[in-house]
Amino acid sequence: MLFKAKYLLVIVVVVSQVISSCSKKTPAVNLNSLLEEMTDKAAITRFPDPYYITKQFSSYDRRSDLNSKNDYEWFANDDSSNFIRTDTVGSRIEHVMFDAKGPGAVVRLWMTAGGANPGEGILRMYIDGDSVPLVEGKPFEMINEYSLAEYPLSASLSINAPANRRGYNLYLPFPYKTSCKITYESQGIKNVDPNKSEMFYYNINYRTYMDEVVVESVSNKILDSLKGIISDSNERLNLNNNHNEIKDVKSYNIQLNQGESKIEEVDGTGQAISKIKIKLKADDVQQALRSTVLKIEFDGEKTVYTPIGDFFGTGYELNSFKTWYTEVSNDSTMSISYLMPFKQHMKIFFENQGKQFVTLNAEVALSSYNWDDNSMYFGASWHQYSSLSTGENKERNGKGGNLDVNFVSLKGKGVFVGDALSIYNSALPGHWKAWWGEGDEKIYIDGESFPSHFGTGTEDYYGYAWCRPETYSHPFIAQPIGKANMNTGLTINSRYRSLDAIPFKESLHFDMELWHWVKTKVDYAPVTYYYMFPGGKSNFADQLQGIDEKVARKRKDVIVATPDQHGVLEGEDLILDELQEDQVIGEYGDELSGGLQLLWTKADKGKVLRTGFVMEKQGDYNIKIALGYLRDDCQINLSVNDIEVLNNVKIKNDSEVKLLELNGIALKKGNNSLKIEVVNNTNTRFGIDFLEFQEIIIE
């Protein structure tokens, strides 16, 4: 009996240990699993399991709230140094940027700062209520010196911009079991002395998992033990290796006449597109990048419908860059490597909606893929807001006619995974007010009344800062061209999501504020990328708004220099001779019409300024030309349509706007020319504020 009792006791102990060990849940999420997910292109093709919600904390202007949604303060623009609260920790005052309950993970942190001693404060990250911070140090030093992770998980962009004018990005994930708090300590925050005040901007993306999900909190011990894996992740992101083994490559040489379309098909189960490569040839490549269209159907559902250039994140200008998902190589070959699975059948349509002959050399690489209940179709949609008015000149409080521009609205169940924006800015250069991108992203998930993603500026959303034009490429963010930044020209920005992807169960609505400092017009064209279950829809899935328009290469492609209903044409809207565009800037002043004038900076003796305007009706007109600031007294000759109407007119240098009156001037319907020649003086600056036209009607 004693032997049987002992034997029975051993069985009970063993069984209880087994039961106990089984009851201890293995962590579903930890730093290692997140890094694996980040670099696995198949992971994002499936609806997340375990499910998570992605949200954002930021320093957006707190005047923008539900009460101001129909008011100008919805666009308030004091987006720095706004925090959740202030905590006193011993003798320290810490401003709380982020405070979230777990289980969760911080998956992206972006920062920049201006003013006095920018970024010289101390950033701290507390995990699970620990009083000792996991992360502690000067934020920009931590990223620049790669103390937490090497590039690209840590990146200040653009590397070609001054260090105090970069966006500081941290993509190293920080999982936490119960809570995470991030603070910033700086004596410059809210300092009453403006000379000592620091402006601190931040955006923090994070995931929150369901309560039953077990998350292993990150620690210094774990960070040390995973240094090799962190290094491998960086290497994988830098190389953009496609880890899905390619089993077949379809090559196509496609020639398309105007209005022609070609279809290529693939049949077979267990497959996914792993890469599409296209090299386009045409007489006018820029126009062809916009007017040649890619359409893709998966199992009979059309999910991709975009211009080819925009689909590859390069807009309508080819510039070399490389991200985790897109690339334009030095030989102008475009590629995209989002994994695009299908059940049985796939069709790719190549359409020439332009007016010229186009040749496409294309490759479609296929990989094996196991379609399951969580698998989704890849989708992309595009549209352009052409010659979009930016409203009036702006005030930081939001006044001036800003607007929310819709990037996309999605209905169904899926995951939002990225976007790219092409913008042609027609504002005259010469001043920071030519900046177009003060607008914040506003992303609403599953019918939210207030966006769970509310940002601090368009360039912040795309990972850089301070309106900088310098180009950069990073696995998740890029600016292949930045000519429009505080200048006339084109900018392309892109953001590709991995751990910061946004799942939705019913809907996603993405607006970006168009918040330009001055009254002008822009061409504004976003493309968006997403995965959705069969039946999911984009509001732009069946249209290509703006596809048939000429791409903007000059201001006159966006701004039509025609007098308004009152007969007034602003000087800054005149058509400029292409050879003289670098001689003209915008100059700002409250006393000027529209707060702005065209300023000719090279008005030397013997030099000629050639401009033009467009009339809707032929006739004889009286014209008033308001001249703004002059540096010196000068004498000018003035011609309209090559007929001299003023000779050797003396213009005085004073602070008042001066009016030149031209009577009985014959104007043509359509294009007319205005030419100004400086007769004397050198190094003069000559301003044109506005023109006023009054038709002479003979009864």
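Per-structure values
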item: Residue among L360, N370, G398 farthest towards the positive dipole end of the range 351-434, charges placed on Cβ; result: G398
item: Paired Rg and Dmax values of the range 354-505, which use every Cα atom, in angstrom; result: 18.3, 56
item: Rg/Rh for the chain, where both radii come from Cα atoms and Rh is the Kirkwood radius; result: 1.05
item: Percent of C-alpha pairs per 5 Å bin, the range 31-239, short to long; result: 1, 7, 13, 18, 19, 17, 12, 8, 3, 1, 0
item: Angle in degrees between helix 2-23 and the longest Cα principal axis of the chain, rounded to the nearest 10; result: 0 degrees
item: Shape box of the range 560-695 [Cα atoms, principal axes, largest first, Å]; result: 37, 31, 27
item: Cα lying deepest toward the dipole's positive end in the range 131-213, options V213, P133, Y171, charges on Cβ; result: Y171
item: Principal axis dimensions, the range 426-546 - Cα atoms, whole angstrom, descending; result: 49, 29, 28
item: Those GluC sites (Glu not before Pro) in the range 441-483 that DSSP places in a loop and that have at most 16 other beta carbons within 10 Å; result: E448, E470
item: Model label zone, H345; criterion: amide N under 11 Å from point 7 Å along Cα-to-beta-carbon; scope the range 255-276; result: 266-268
item: Whole-Å semi-axes of the ellipsoid equivalent to the range 393-469 (Cα gyration tensor, √5λ, descending); result: 26, 15, 11
item: Charge dipole (debye, nearest 20) of the range 31-239; +1 at Cβ of Lys and Arg, -1 at Cβ of Asp and Glu; result: 220 debye
item: Alpha-carbon centroids, the range 44-104 and the range 426-485: separation in whole Å; result: 18 Å
item: Cβ-placed point charges (K, R +1; D, E -1), dipole of the chain about Cα centre in debye, nearest 20; result: 1540 debye
item: Theoretical ellipticity at 222 nm over the chain - DSSP helices of four or more residues, -39500 (n - 2.57) apiece, nearest 500; result: -3000 deg cm²/dmol
item: Three-way shape label, the range 268-335, alpha-carbon gyration tensor, a/c 1.5; result: oblate
item: Cα centroid of the range 336-372 to Cα centroid of the range 229-290, whole Å; result: 7 Å
item: Cβ-derived FRET efficiency at R0 56 Å, D446 paired with F357, nearest 0.05; result: 0.75
item: P(r) tail fraction, the range 219-367 - alpha-carbon pairs more than 23 Å apart, %; result: 42 percent
item: Radius ratio Rg over Rh of the range 483-536, counting only Cα atoms, Kirkwood formula for Rh; result: 1.06
item: Placed amide H near I481: partners under 5 Å, 5+ positions off or other chain; result: I492
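Where a number appears in this text, it was derived from the coordinates with a stated rule and is not lab data. What you are looking at is a predicted structure, and each value in this text was computed from that prediction instead of being measured. A quick note on method: Cβ atoms are made from the backbone with ideal geometry, for glycine too, and the neighbour counts reach across all protein chains shown.
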